[in-house]
Amino acid sequence: MKNFTVNYFPYKPGSNPYQRLFADCLESSGIVVKRISPKKVFPLYFAACGEPDFIHLDWPHDFYAGRNLFTRTLKTLMYYAGLKKIKNKKVVWTVHNLIAHNSEDIIREKKMIQKLINVCDGIFLLSNSSRKQLFDLYEINPATIVQAGTLCHFVDSYKNTISKSDAKRHFKDLRKHVFLHVGRIQSYKGTVNLLKQFNKLNNLESTLIISGKVDGNEFHSQIIKEVEACRSRNLDVRFEDKFVQDDDFQIYFNAADFVVLPFEKILNSASVLLAMSFGKTIIAPDIGSLSEVIPEFGWISYEEGSNNLLPALKVALEHGNIGTTEHDIIEHTKRTFDWTRNGWEVESLYRKITELSKKEDK
């Protein structure tokens with residue numbers, strides 16, 4: 001049986017271990033992976049280098065987004081040229097987002113994604129619930145194979161050696177219950193509403209830690225306003241507008257009792273898998289693919305709606321993690337969201353595309 005060769009693009013793992021782990025899992029399945037870093041000029045041309053069996057693409061937003069009209073126009077022209085370059089190759093796209101979170105023009109964003117979909121032979125979804133949303137938003141060629149797979153864990157991808165007591169001491173004078181909201185802070189994550197509901201919770205025995213780089217000056221001002229409103233009532237809010245280093249995640253997660261992810265919209269969430277990989281109980285709405293990912297025993301869920309977060313925070317204070325240990329959540333996460341299975345799923349998609357191509361050539 002032939003081993004597939006794959007150009008994985010754009011490979012820029014940075015601090016997020018997803019791409020490294022994904023490429024590794026493909027190789028563990030016997031696939032030969034060429035990791036291709038993006039270039040500024042005609043980036044998709046580099047994705048097509050050599051004679052791979054497949055080009056596997058991740059996030060495409062940076063290929064056509066720009067800070068002004070000139071850069072957007074230039075990058076779009078290069079994007080179109082790149083799509084033309086790769087359309088005669090076998091192309092697979094992993095759908096992390098159907099629309100980029102930071103997109104400022106949804107209509108244009110959808111147009112750009114549709115252009116990508118039009119050259120795809122396969123689309124790899126990270127949840128079953130993504131399928132309906134994909135078909136609702138875009139036109140999918142009947143010959144394009146759409147397959148749902150696994151969004152995988154980050155257990156052991158980040159250092160996790162600090163004890164809970166040492167992590168709590170790092171922050172000094174934490175109150176009895178600790179809520180955590182950590183990672184890149186963007187408007188869709190519901191940070192402003194979290195602060196408003198924490199204010200309404202009005203619990204002097206609780207601490208809310210918010211740490212992550214904030215997107216945008218106006219959004220930052222909204223957060224500062226709500227932080228000050230909480231502190232004016234002697235509520236304990238720790239806000240840090242900074243990039244959280246990989247080795248520091250263990251401090252935040254081990255100091256926390258609950259991770260709060262009050263998404264306003266979401267398709268798939270690596271933040272959820274990261275929190276579960278540290279064994280945390282999650283407070284989050286029942287939207288997107290979250291019901292496929294978070295186990296009931298590690299989830300304080302609530303119906304979509306900004307005002308429904310407050311009752312969930314109250315439930316956390318009243319009931320805590322009854323019957324659940326961090327070990328239970330970590331073991332469930334490792335077992336259920338396994339990278340080895342992810343590699344098999346992608347390989348099976350490649351084989352389906354190859355078999356279909358052979359039938360069409362006859």
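Rule-based calculations on the coordinates, nothing more; no lab input. Bear in mind that the values here come from a model prediction, so they are computed numbers and not experimental data. Every residue, glycine among them, receives a Cβ derived from its backbone with ideal geometry; neighbour counts consider all protein chains shown.
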For a quick check: sort 157, 15 by the number of other beta carbons within 10 angstrom, fewest at the front. 15, 157
So which DSSP H runs in the chain come out at 20 Å plus along the axis (Cα) with average Kyte-Doolittle of at least -0.5? 69-86
State the three equivalent ellipsoid semi-axes of the chain, derived from the C-alpha gyration tensor as the square roots of 5 times its eigenvalues, in descending order and whole Å. 39, 23, 18
Note, residue 272: beta-carbon cut-off 11 Å, +1 each Lys/Arg, -1 each Asp/Glu, net 0
Let me know the Kirkwood hydrodynamic radius for region 164-336, please, with Cα pairs as the basis and the value in Å to one decimal. 16.1 Å
Need one number: the % of Cα-Cα pairs in region 13-58 sitting beyond the 18 Å mark. 34 percent
Ranked list, fewest to most other Cβ atoms within 10 Å of each Cβ, for 315, 259, 244: 315, 244, 259
Suppose we keep just the alpha-carbon trace of region 55-116; what are its Rg and Dmax in angstrom? 11.5, 33
With Rg from the Cα atoms and Rh as the Kirkwood inverse mean 1/r over Cα pairs, region 1-158 has an Rg/Rh of 0.94
Per residue and in cubic angstrom, what volume does the convex hull of the Cα atoms of region 5-84 have? 80 Å³
Could you compute Rg(Cα) / (2.2 N^0.38 Å) for region 196-290, with N its residue count? 1.12
Taking R0 as 41 Å and r as the Cβ-Cβ distance between residue 218 and residue 331, the FRET efficiency 1/(1 + (r/R0)^6), rounded to the nearest 0.05, comes to 0.45
Quick one: Debye curve from the C-alpha atoms of region 117-184, no solvent, what's log10 I(q)/I(0) at q = 0.16, 0.24 Å⁻¹? -0.73, -1.12
Please give the contour-minus-distance gain from residue 234 to residue 37: 0.36 nm per residue of separation, less the Cα-Cα distance, rounded to one decimal in nm. 66.1 nm
